[in-house]
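The values are calculated or read from the model by the stated rules, or taken from the named source; none is laboratory data. Quick caveat: nothing in here was measured; it's all calculated off a predicted structure. Neighbour counts are summed over all protein chains in view; Cβ atoms, including those assigned to glycine, are modelled from backbone coordinates with ideal geometry. These accessible areas exclude ligands, DNA and RNA; they are computed on the full protein's heavy atoms, side chains included. Shrake-Rupley method; radii C 1.70, N 1.55, O 1.52, S 1.80 Å.
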Amino acid sequence: MAHKVALFVTCLVDLFRPTVGFATIKLLEDAGCDVVVPPAQTCCGQPAYNSGDREDTIAIAQQLIKTFEPYDYVVAPSGSCAAMIKKHYPGLFTDDEAWQARAQALSDKTFELVSFLSDVLKVENIDAKLDKNVTYHDSCSGLRELGISAQPRKLLASVEGLSLSEMKDSDVCCGFGGTFCVKYSDISNAIVSKKTDNIANSGADMLLAGDLGCLMNMAGKLKRQGSNIEVRHVAEVLADMTDGPAIAEAKK
Amino acid sequence: MTQIITTSNFKSNARTALDDKNLQKALTHVERGFIGKRRSAMDALPEFDQLRDNARDIKNHTLENLDLYLEAYEEKVTKSGGKVHWAADAEEARNQILKICRDVGAKTVTKGKSMIAEEIGINDFLEENKIEPIETDLGEYIIQLRGETPSHIIAPAVHVLKEQVEEDFRRVHTHLPEARNLEEPESLLDEARKVLREKFLNADVGITGANFLIAETGTSVIVTNEGNGDLTQILPKVHIVLASIEKITPTLEDVSQILRVLARSATGQDMSVYTTFSTGPRREGDPDGPEEYHVILLDNGRSNMIGSEFQDMLRCIRCGSCMNHCPVYHAVGGHAYGWVYPGPMGAVLTPSLMGIKDGGQLPNASTFCGRCEAVCPMRIPLPKMMRSWREREFEKHLNPSLQRWGLKAWAYFAKRPKLYHLAMSFAIPVLSKIGWKKGRIKSLPFAGGWTKYRDLPAPESRTFQQQWAQREALKQEAK
Ligand code: SF4
C-alpha cells in the first residue's frame, strides 16, 4: 500500500514560492506516495520559538501536531521547519507527558523532503534534465540538525546534463537566521556578502538549496548586486520544474 | 586601559567593527587559520568524538558534586603549604590580590594569560594602587601596549595586524636601535621576549590563571605556547593562581583526558607547547619555585548557574573553538561583544554573569546556525541556551515592544489557520503585484531591515493553499 504522506508546505513556500510545493508533491507522487495537503496548516512556530515566545510556540505546535498526526509521514521542503518538528517539538512539552508522547510520535515520522526521498524511500535516480552548472548551499538546520549533505548531491548527480561546482564554505551560514536578518541587518549583510562572493567564485550559473528562507536571502542579495545567477529550491530541479521564473526573477 | 562595558551597545559596536578596515583584515585570520588546523587535528584522531563524550561526562560529574571537589581541593592546597581564598565577587577577589601584594611590598606583578583577570579588571585596580601589572603573554603584552582589552579568549590580539604591532613596538621600545628589522612575526616575538626578560626577574608577584584545578592533588594547571606562564609562576616570591570555581576537575587522569580535546579544538595542536602543573610553594630541596602559593577562587555568579538551565555552560574549557567557527564573530570580532567573553560562549556566559538586562543583546545576535555546538569539545548546547535567554527576556518583557507586538500579531494569525489563509489570500497577490515587473521588490514600508541590503523576492502569484484548493475543487467537479 502507498504511504500516506502529508505535505507540510511551510509558510514561506505557501506565501512566496508555491512552485516548490507543487514540485514536492510531484517528487513524492513519482516515488509512489499518496500525498495529502491538510488545509489547517500555517507555520511550524520558529519565529515565536526563536524569539523566546514559548507560550505561542506551544500553541502553534499543538495545532500542527493535531493536524498532522493522522498520517504515515509528514514531509516538508525545508530542513529548518522539519528540524523544528523533529528536534524541537518534543522538548516543548517536558512538563506534559501526554503531549510529549504525541510530539515524539510526530517527530518520528517527520522528514525533510530530499532526505525522505533518499533515506526513507531509497530513491536512487531522478528523472529530470537540466543543462546547467549548479552550486549547492547547505542550509544550517538541515545540515547540522538532520545530517543532510550527501543526499541532495547524490540525487542532483542523477539529473541529466547537470554538473555541480562546489562553492567554498558551502556549509557556512548565509546570514538569514529568521528574524536575525532584519534585527541585525548590518551583520547579516556582512555574512551574506561573503556567501554571494563564494557563490559567484564557484563559477556556477545556478544556486540551489533546500530552504526557502536562505534562498530568498541569497537571491535578494545576488539580485541587489546585479548578478544573473539563477536561484532555485533543489526540489524544483529534481522535479524538473524549472520552466517558470527563478526566485526574484520576473516572468519571461 | 580602563575597562568599559559596552555589551548593551552591541548593535552600534558591530556597526563600528564592520566599518573598521584593519579589523576586517585581521579577522580573516580567524576564519582561515583556526578552522583548518582544527579540522586536520580532528581528522588525525578518529576517537575524537568519544573523547568529547568523556570530557563532557567528567565535567558533568564534577558539576554535580562541585562542593565536594572544591572542599577536597582546598584541603590538598592547604596540605601542600598553599592558601585558598574564596571570592564571592570581583571586588572581593581584587582586594584579596591587593592584600597579598601589599603584604610583600610588591611594586611590579607579572601576569600570565587569564580571562578571570580580565573579568575582575585586576590590571586597572593594581595600577590605581600603584602596583605595575606586566602582561607576559605576547598577545596580552601587545594589547596592554595599545591600551586595549582582549578580543578573543585564546588569541587576545587577534584583531591587531602585524604592521600595527610593529608600530607599537617602535613607539614603546625606544631604547632599541631604530634600524632593527621587525618584519617577521618571529622578530616581534624575540623583541617581546627580550624586553620581558628583565621584568620577569624583577617582579615581586606572579599572577597566572588556571586551565584546571585538580581536586585529587591540589594542583593548578596552565597550558601555554610561549612558556611565559612558567616564568611568571616560578620566578617571583609569590605565585597567585586566579581561577573560577568551575575549573575544578577531580583527578589528574581526568585532566589528561580533557587536555586531549583542548589544544586540538583551540589551535589544532595535539598538545600546547607547555603544560605546567604547580602544587603549593617551593618545598625544601626544590631548585626553584615561589615562597608563597595562593589560589583565589572566584564565584562571581557561577554558583547561581548550578541547577539552572545554564549549568552546562560551566563545562566550558575556554578553547575558543565556538568563536573561531561563528559567522557573527567573523563579521564583527570580539570587542563588539562589549565585555570579556565574546562569541557564542560569551553570548551565554555574559548574561549569566552580568544579568540579562545588560547582556540581552548577545544571545539575540545569533543566526542559530549551530556551528558552535557542532565544534564545542565539551558538547555545550550553545544555541539552546541562547534561546533560553531569549525566553527569559521575553518573559520579563525586556525585548523591544515593537518586535513583541509584531510577533504577537503574527502568532494570533498563525494559531488560526482559516483566518490566516483568508488574510494571506488578500495580502500575497498584492505583494506579488508590487514586484510583478521584476520579480522582486527594492523597498517596502516596514521591511527596511530586509530591503536595506537585499531585494525582496516577490511572491509568485497566489498562495500555494489558494492554488491547491482551486485544483482540488476542479478535481471534484470533474468527478
Ligand atoms: S563553549 Fe565550547 S567551544 Fe566555546 S570556548 Fe567553551 S569549550 Fe570551547
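Considering the conditions (1) open to solvent by 10 Å² or more (accessible area, probe 1.4 Å); (2) farther than 25 Å from A:K87 by Cβ, B:G333 is excluded by exactly one of them, (1). Taking the criterion of being within 12 Å of the ligand (Cβ to nearest atom), touching a Phe, Trp or Tyr at 6+ places or on another chain (Cβ under 8 Å) and in a helix (DSSP H, G or I), the residues of the stretch B:338-378 that qualify are B:G343, B:P344, B:G346, B:A347, B:V348, B:L349.
Going by what's in this entry, would B:R302 be described as surrounded by fewer than 22 Cβ atoms within 10 Å (Cβ to Cβ) and within 16 Å of the ligand (Cβ to nearest atom)? Yes, satisfied. If we scan the stretch B:231-251, do we find a residue that is at pLDDT below 95, out of contact with any Asp or Glu (no Cβ under 7 Å at 6 or more places or on another chain), of a type in the set (D, E) and not in a strand (DSSP E or B)? No, the conditions are met nowhere in the stretch B:231-251. Among residues that are surrounded by 19 or more Cβ atoms within 10 Å (Cβ to Cβ), in the same structural domain as A:F8 (by TED's automatic domain parsing) and at pLDDT 95 or above, A:S78 is included. Of the residues making up the stretch B:324-337, those that are part of a helix (DSSP H, G or I), within 16 Å of the ligand (Cβ to nearest atom) and either free of Cβ contacts under 8 Å to residues at least 60 places away in the same chain or over 12 Å from the mean Cα position of the chain (by Cα) (or both) are B:P327, B:V328, B:H330. The single residue among A:G91, A:G142 that is in the same structural domain as A:T196 (by TED's automatic domain parsing) and either assigned to a helix (DSSP H, G or I) or within 19 Å of A:L27 (Cα to Cα) (or both) turns out to be A:G142.
Just name the residue that is nearest to the other protein chains (Cβ to nearest Cβ) out of those in the stretch A:195-214 that are without any contact (Cβ under 8 Å) to a residue 40 or more places away in the chain and either among the small types (G, A, S) or buried (at least 20 other Cβ atoms within 10 Å of the Cβ) (or both). Only one residue tops the list, namely A:T196.
Looking only at residues of the stretch B:213-228 that are touching a residue at least 60 places away in the same chain (Cβ under 8 Å) and in a strand (DSSP E or B), we find that the one that is nearest to B:E253 (Cα to Cα) is B:I214. For A:S149, the stated conditions do not hold, so it cannot be described as open to solvent by less than 40 Å² (accessible area, probe 1.4 Å), within 20 Å of the chain's Cα centre (by Cα), under 25 Å from A:C173 (Cα atoms) and modelled with pLDDT of 95 or more.
Among the conditions (1) more than 14 Å from the ligand (Cβ to nearest atom); (2) modelled with pLDDT of 95 or more, the only one that B:D270 does not satisfy is (2).
If you take the residues in the stretch A:23-45 that are open to solvent by 20 Å² or more (accessible area, probe 1.4 Å) and facing chain B (nearest Cβ under 9 Å), which one is nearest to B:Q465 (Cα to Cα)? By that ranking, first place goes to A:P39. The number of residues in the stretch B:229-254 that are open to solvent by less than 10 Å² (accessible area, probe 1.4 Å) and more than 27 Å from B:I58 (Cβ to Cβ) comes to 3. In the set (1) within 13 Å of chain A (Cβ to nearest Cβ); (2) surrounded by fewer than 20 Cβ atoms within 10 Å (Cβ to Cβ), B:C326 fails one condition alone, (2). Of the residues A:A190, A:A248, A:A204, A:A219, the single one that is within 30 Å of B:P445 (Cβ to Cβ), assigned to a loop (DSSP other than H, G, I, E, B) and not assigned by TED's automatic domain parsing to the domain that holds A:E29 is A:A248.
The set of residues in the stretch B:443-453 that are outside any helix (DSSP H, G or I) and either facing another protein chain (nearest Cβ under 7 Å) or open to solvent by less than 30 Å² (accessible area, probe 1.4 Å) (or both) comprises B:A447, B:K452, B:Y453. So, B:E246, is that one within 16 Å of the ligand (Cβ to nearest atom) and within 14 Å of chain A (Cβ to nearest Cβ) or not? For B:E246, the condition - within 16 Å of the ligand (Cβ to nearest atom) and within 14 Å of chain A (Cβ to nearest Cβ) - is not met.
Those helices (runs of 4 or more DSSP H) of the stretch B:379-442 in which at least 1 residues are open to solvent by 70 Å² or more (accessible area, probe 1.4 Å) and within 16 Å of the ligand (Cβ to nearest atom), considering only elements entirely within it, cover B:382-395. Test B:S308 against the criterion of being away from the ligand (no atom under 16 Å from the Cβ) and outside any loop (DSSP other than H, G, I, E, B), and give yes or no. Taking the combined requirement at face value, the residue does not satisfy it. Checking the structure you have, find out if any residue of the stretch B:178-193 is within 26 Å of B:T78 (Cα to Cα) and buried (at least 18 other Cβ atoms within 10 Å of the Cβ). No, because not a single residue in the stretch B:178-193 is within 26 Å of B:T78 (Cα to Cα) and buried (at least 18 other Cβ atoms within 10 Å of the Cβ). Does B:R197 count as outside any loop (DSSP other than H, G, I, E, B), open to solvent by 20 Å² or more (accessible area, probe 1.4 Å) and of a type in the set (D, E, K, R)? When the stated conditions are applied, B:R197 passes them.
Residue count for the stretch A:1-22 satisfying the condition of being of a type in the set (K, R), surrounded by fewer than 24 Cβ atoms within 10 Å (Cβ to Cβ) and within 8 Å of chain B (Cβ to nearest Cβ): 0.
Considering B:E118, B:E148, B:E140, the condition of being under 26 Å from B:A347 (Cα atoms), of a type in the set (D, E, K, R) and open to solvent by less than 10 Å² (accessible area, probe 1.4 Å) is satisfied by B:E140 alone. Restricting the first member to the stretch B:453-479 and to residues that are free of Cβ contacts under 8 Å to residues at least 24 places away in the same chain and over 13 Å from A:F22 (Cβ atoms), and the second to residues that are open to solvent by less than 30 Å² (accessible area, probe 1.4 Å) and in a strand (DSSP E or B), the beta-carbon pairs closer than 7 Å and six or more apart or on different chains are B:D455/B:I441; B:L456/B:I441. Scanning the stretch B:204-218 for residues that are touching a Leu at 6+ places or on another chain (Cβ under 8 Å) and open to solvent by 10 Å² or more (accessible area, probe 1.4 Å) yields B:A210, B:N211, B:E216, B:T217.
Regarding the stretch A:170-192, can at least one residue be identified that is away from chain B (no Cβ under 14 Å) and either out of contact with any Phe, Trp or Tyr (no Cβ under 9 Å at 6 or more places or on another chain) or open to solvent by 40 Å² or more (accessible area, probe 1.4 Å) (or both)? No.
Would you say B:G320 is away from the ligand (no atom under 16 Å from the Cβ), small (G, A, S) and more than 14 Å from chain A (Cβ to nearest Cβ)? Spelling it out, it is not the case that B:G320 is away from the ligand (no atom under 16 Å from the Cβ), small (G, A, S) and more than 14 Å from chain A (Cβ to nearest Cβ).
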